[in-house]
Structure formats: structure tokens, C-alpha cells
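Inspection log for the structure reproduced underneath, given as C-alpha cells.
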Amino acid sequence: MRSASPASRTRGSRRPLHNPAQHGASLNPALEEVSFCPRCGRDAQVDFPQRIHCPHCGYGAYYNPKPVSGAIPSDADGNLVLLRRAFDPGAGLWTFPGGFVDLGESVEDAARREVREELEIDVELGELVGVYSRSDERVVLIVFAATALGEPRTTEEATEVAAFPPDALPWDELAFWSTQAALRDVLRNP
């Protein structure tokens, strides 16, 4: 009997194993080539990319998108403060401050912390601008409008900082689809 290649074997829900060489970057690298339970070492049911369950010992783990929080600061003149990213993804492109929400932190606290880390200023958060996600990405972005309470500075994460009038935003140099979507939304609801 001929054995199946690793890419054609099935697990759990009888779906083929995910092969990033065939399908691009993995939505969930943690389950990429898992077939055994991390607790008892026996065969596990893997429903890629969402979950792993062991029928032998009862172990189960669910994988969800990571929350990312951001803020779009505006200055006293109504300009929007953006930063040029120092690191990938999106190195050299413009965006607003944002980053992962830490355990034990609210999305509002995370937005304030990210602004302090990336621009070295405090902000007063305003209204929720929007929530942005796509099924092929690992994050959910929550964005707030904000008022800058100081003069932003470049940092290790921001190689350049600029305050753009709403009619002069660098639309062709934005880091992410969600940057563009959130900026459009904040401009609709000033």
C-alpha cells in the first residue's frame, strides 16, 4: 500500500493539512504541522486554523484573532498626526500609533500606551472610529479618535512624525488597508 504524502493526509475534521508552500503564509502557525496533543502526546483532532482537541485526555485550545488598538491623534489645528514606521510590516510607510493589547489591559489603555511608546505624548481618547478585520488576517484592529496633548517626537518605532491637514494625507504611502479605512472613517466623522 502506498502511503500518503504529509500534505495529503487528513486530521480531525478530515480537512487536508495546511501547506504554506502551496497556500501562502499560514493563518495560524501554531497549528501548522500539529497532529499530536501537547498534553498527552496522542493523536489529536485539529480543525485548522481554529482549534485543537484531544479525545483522549480532553485537552482543548481555541485560537482567535489578536486585538490591536490604535489612536488617530489630531493637533490643535485639526491636523492628523501620523508616523513613518521603522519596522516591518510596513517599514517606511505612514500609519497612526497602534499595537497589540496586553492581557490585563483595556483597548483604551492599550491605545494610550501605544501613542506614548510611538510618539512620546499623551492623548485624550475620543470616539471609537471603527473596528477593522479580515478573515485572512490574525488581528482585529480597534481605532479611536484622539487629541494630542503634547508635541509628538520621533522614536525607535517612528522614523518620522508629521501632522497632516485632512486634505493632504499621504494616501499612496499608507502602511495597511486598515490605516486607509480608519483615516477615511475619522474624516467622515470629525
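The values are calculated or read from the model by the stated rules, or taken from the named source; none is laboratory data. If you're wondering where the values come from, they're calculated on a predicted model, not measured in any experiment. All Cβ positions, even for glycine, are placed from backbone atoms using ideal geometry, and neighbour counts span all protein chains on display.
Things to note:
- Total residues in the stretch 174-190 satisfying the condition of being surrounded by 13 or more Cβ atoms within 10 Å (Cβ to Cβ) and touching a residue at least 12 places away in the same chain (Cβ under 8 Å): the figure is 11.
- Number of positions in the stretch 37-92 that are hydroxyl-bearing (Ser, Thr, Tyr) and closer than 30 Å to ALA163 by Cβ: 2
- Within this structure, GLY78 fails the test of being surrounded by 15 or more Cβ atoms within 10 Å (Cβ to Cβ) and in the same structural domain as ARG138 (by TED's automatic domain parsing).
- Comparison of ALA110, ALA86 shows that the only residue that is closer than 18 Å to ALA175 by Cα, aliphatic (A, V, I, L, M) and touching a residue at least 24 places away in the same chain (Cβ under 8 Å) is ALA86.
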